[in-house]
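Take a look at the structure set out below.
The values are calculated or read from the model by the stated rules, or taken from the named source; none is laboratory data. Small disclaimer: the values here were computed from a predicted structure and weren't measured. Heads up, the Cβs are rebuilt from the backbone with ideal geometry, glycines too, and the neighbour counts pull from every protein chain shown. Remember, those area values only see protein heavy atoms, side chains included, never the ligands or the DNA or RNA. Shrake-Rupley method; radii C 1.70, N 1.55, O 1.52, S 1.80 Å.
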Amino acid sequence: ASAVPPTIPHPLFPIPSQTGCPLSDEPTPPQTETETNHLIAERRAKLERLRERGGAFPNDFRRDSTAEQLHLAYGEHPPEWFEAHPTRVTIAGRMMFKRVMGKASFAKLKDRSGLMQVFLQQDTLGAVHDEFKGWDVGDILGAEGTLFKTKTGELTIKVEQLRLLVKSLRPLPDK
């Protein structure tokens with residue numbers, strides 16, 4: 001019999017039980033089949049409302065950067081650099097984390113290369129920010145805006161345009 005190799009956590013994607021913190025402020029994903037079916041039904045209803053408005057699956061969005069490209073090119077710059085050199089970028093990715101704080105929100109988008117934080121404001125986005133509050137972790141979003149660094153030093157995009165590209169119907173799996 002062959003021995004099973006130990007699981008080695010990836011530095012960017014730690015196993016949640018080892019980090020001690022969830023990836024979102026949202027409730028823990030449902031445990032029972034009934035709860036899962038209810039969640040899927042809610043998400044299908046959201047998709048139906050999107051279809052009624054038209055453009056449920058836009059295919060005209062184009063990104064110009066990946067998370068990895070942005071971190072490699074701009075990650076080492078100090079916060080002051082971004083004020084002197086406004087850098088406009090466009091990314092797309094699956095929303096892995098969402099925190100809504102009244103008129104401001106943070107989310108993390110994951111693309112094929114890694115995670116990128118986005119910052120959204122009611123004053124900038126208007127009705128789109130209200131729509132964002134109803135979107136789910138797992139949805140695929142497109143964001144355009146300018147780079148800056150937060151007080152904690154994290155490279156972030158201050159979003160000026162945001163679009164829902166694909167509605168997730170199933171909750172993300174537990175790791």
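Tabulated data
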{"item": "Condition broken by A104, with the remaining ones in (1) buried (at least 18 other Cβ atoms within 10 Å of the Cβ); (2) out of contact with any Asp or Glu (no Cβ under 7 Å at 6 or more places or on another chain); (3) farther than 20 Å from H71 by Cα satisfied", "result": "(1)"}
{"item": "Out of L47, L147, L70, L125, sole residue that is over 15 Å from the mean Cα position of the chain (by Cα) and at pLDDT below 95", "result": "L47"}
{"item": "Matching residues in segment 139-163 - criterion: being in contact (Cβ under 8 Å) with a residue 40 or more places away in the chain, open to solvent by 30 Å² or more (accessible area, probe 1.4 Å) and either more than 16 Å from L120 (Cβ to Cβ) or among the hydrophobic types (A, V, I, L, M, F, W, C) (or both)", "result": "I140, F148, K149, G153"}
{"item": "Residues satisfying the stated conditions in segment 43-55, i.e. part of a helix (DSSP H, G or I) and open to solvent by less than 100 Å² (accessible area, probe 1.4 Å)", "result": "R43, A45, K46, L47, E48, L50"}
{"item": "Residue count, segment 73-101 (criterion: under 17 Å from the mean Cα position of the chain (by Cα) and either farther than 18 Å from G138 by Cβ or loosely packed, with under 12 Cβ neighbours inside 10 Å (or both))", "result": "3"}
{"item": "Unmet criterion (only one of (1) in contact with a Gly (Cβ under 6 Å, 6 or more places away or on another chain); (2) open to solvent by 60 Å² or more (accessible area, probe 1.4 Å)) for F61", "result": "(2)"}
{"item": "Any chance V166 is within 18 Å of R62 (Cβ to Cβ), touching a strand residue (DSSP E or B) at 6+ places or on another chain (Cβ under 7 Å) and either in contact (Cβ under 8 Å) with a residue 12 or more places away in the chain or of a type in the set (D, E, K, R) (or both)", "result": "yes"}
